[in-house]
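Written below as structure tokens is the structure these notes are about.
The values are calculated or read from the model by the stated rules, or taken from the named source; none is laboratory data. Keep in mind that this is a model prediction, so the values were computed, not measured. Cβ placement follows ideal geometry from the backbone for every residue including glycine, while neighbour counts extend to all protein chains displayed.
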């Protein structure tokens, strides 16, 4: 077993506080039950280290154990009390039944996969949970001889079986996902009245596997192409809808604009964003033109006001250093590596970024003192992207399975995609550890080679310190790739935060920075699934460090096009962005019928009623350099509480892909100055 009892107990406590209580579950009995039941006992040993992450985990029969938050929300909604008799349909691993058993008198659980019934029985017996009875059978028929039940929990979606309605006691409650397809279900709470009628309450959209049985087969419920049909519940139920009150308040608060971003009147928004140590300007994808252009426009205007001393971006330090020297007009000695020549090149080698850099170079030319010129710096790990290609080439040759996992890890620029099943399989076979030392050796060689080039430049003290720290942290990052997503994510964002602090210190006590990075790095992680899973990010660390001296801005879109790749290392291509999902912040903004707007969210700039409406968790979309439309819900959506995540939200209903820079040999690039920053 990975980790001892004390570790798991501590992780259980953190799970309840961070993933469940912090997100609105208040029933003390539910919270105590979640603290009591050891989730690691209901999954295989190979994934026990993930037992208290905020995710579904694989079990036998190609099924999964639901996220802890899903279980807690459903149990709380049922209002289970001591003395109750509860029926669970779709017992799976037995985890939810175990949680229910810590509150109710008796739990009757039905599961259609015999192998799961046997495994659940072993787990429950080993823990001494004697008030749970298991049955292998058809859950749609219920458990007639033990009826009626005070509460019924159904862990699969479809129509409501008549047998379950009949077996619910007067005054009893039943919770079930209702809907034909995995993408169109609502979590419905039914209550049976004394006259046998059922009242219902919609708790929001969910996504469960179909309810299969004699009377409830769901022919429309198969998994969508590309989804894992074994997922029992791969998303959280969210307690939100596009209620008229939220939509009306949003329309009243939104500061609408139209036309070209270059011509938009920004004064009210600029006044809110000025005067902060760290202005964090996010984006919902790494390949959307409008995000880059409005971010550049805001930064440019604030630089002209004297509000910004330097720009820090989600890019590798050595690549950005070439651009910094170019925009500040600093001569370089010795050879230089051309920046942004490898995947994902378009993330910074695009026309939108180039336009800003050209403007910044021109602005700096009017400043006589080189030390006063506005710089452009990278926050990310040293040689991160340029090293990945070499590492993957090695793994492709010696271990394709591990290479595939590494591609998934590297491709997850947002933290919502994970594959514990694959990780567990490889970890149990010892394959990743066998490759680790060779991968780190390759990395070290690459870092030393790049450092040789940098030594020839006579860089200043800041560069020397950053390069030394980057080498150490990059090696730690690659090692962390083998330890799971939480460790590597936290290390990377901590590194970016430490680099930002070093830059602010270098520029003096009153320095101010504009930071460009993805929403998932800049929105406060504690207000999202990221924080619920034990991860922090740059935005959260900035808020903790600077308080109200940090101002974070997120961006979103409804549809359009994006430049992205299907997988790590694939060529970038322009893809259609699917319309935003029901129940998401993006869909709510789309329903406002405003083409684009600023939405201030900080207390002094917005109404308490709007913040309260928007603080109810909704889905939010995140596209990095990878976009997988066929699995968009699981790959690109997560839950967040927007007013706690950002101080301001910029929405553009329809957007288009960035314009990547062409190869140096292309005729259209003739006449570009020799110091052109992208290796031309």
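In region 116-163, what residues are in contact with a strand residue (DSSP E or B) (Cβ under 7 Å, 6 or more places away or on another chain), more than 21 Å from residue 83 (Cβ to Cβ) and surrounded by 22 or more Cβ atoms within 10 Å (Cβ to Cβ)?
Correct list: 120, 139, 154, 155, 156, 157, 158.
With (1) more than 37 Å from the chain's Cα centre (by Cα); (2) on the phi < 0 side of the Ramachandran plot; (3) touching a residue at least 40 places away in the same chain (Cβ under 8 Å) as the list, and residue 133 as the residue in question, which single condition is left unmet?
Residue 133 satisfies every listed condition except (3).
Checking the conditions here, which among 103, 115, 110 is assigned to a loop (DSSP other than H, G, I, E, B) and either at pLDDT below 95 or not assigned by TED's automatic domain parsing to the domain that holds residue 533 (or both)?
103
State yes or no: is residue 90 surrounded by fewer than 18 Cβ atoms within 10 Å (Cβ to Cβ) and either free of Cβ contacts under 8 Å to residues at least 12 places away in the same chain or closer than 24 Å to residue 168 by Cβ (or both)?
Criteria not met by residue 90.
Mind listing whichever residues of region 543-567 are in a strand (DSSP E or B), out of contact with any helix residue (DSSP H, G or I) (no Cβ under 8 Å at 6 or more places or on another chain) and either free of Cβ contacts under 8 Å to residues at least 24 places away in the same chain or buried (at least 24 other Cβ atoms within 10 Å of the Cβ) (or both)?
Correct list: 562, 564.
Give all pairs with beta carbons closer than 6 Å in which a residue from region 61-83 that is modelled with pLDDT of 90 or more meets a residue that is part of a loop (DSSP other than H, G, I, E, B); count only pairs at least 6 apart in sequence or on separate chains.
72/25; 73/237; 76/25; 76/27; 80/103; 80/104; 83/105
Does at least one position in region 661-678 carry a residue that is surrounded by fewer than 17 Cβ atoms within 10 Å (Cβ to Cβ), modelled with pLDDT of 85 or more and farther than 15 Å from residue 558 by Cβ?
Checked against the condition, which is being surrounded by fewer than 17 Cβ atoms within 10 Å (Cβ to Cβ), modelled with pLDDT of 85 or more and farther than 15 Å from residue 558 by Cβ, region 661-678 yields no hits at all.
Conditions tested, residue by residue: (1) closer than 28 Å to residue 570 by Cα; (2) surrounded by fewer than 20 Cβ atoms within 10 Å (Cβ to Cβ); (3) modelled with pLDDT of 90 or more.
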| residue | (1), (2), (3) |
| --- | --- |
| 316 | yes, no, no |
| 333 | no, yes, no |
| 337 | yes, yes, no |
| 360 | no, no, yes |
| 391 | yes, no, no |
| 400 | yes, yes, no |
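If I filter region 52-60 for residues that are closer than 28 Å to residue 169 by Cβ, surrounded by 24 or more Cβ atoms within 10 Å (Cβ to Cβ) and in the same structural domain as residue 25 (by TED's automatic domain parsing), do I get at least one hit?
no
Can you find, within region 519-542, the residue that is modelled with the highest pLDDT among those that are surrounded by fewer than 23 Cβ atoms within 10 Å (Cβ to Cβ) and part of a helix (DSSP H, G or I)?
So, considering only residues that are surrounded by fewer than 23 Cβ atoms within 10 Å (Cβ to Cβ) and part of a helix (DSSP H, G or I), the one modelled with the highest pLDDT is 541.
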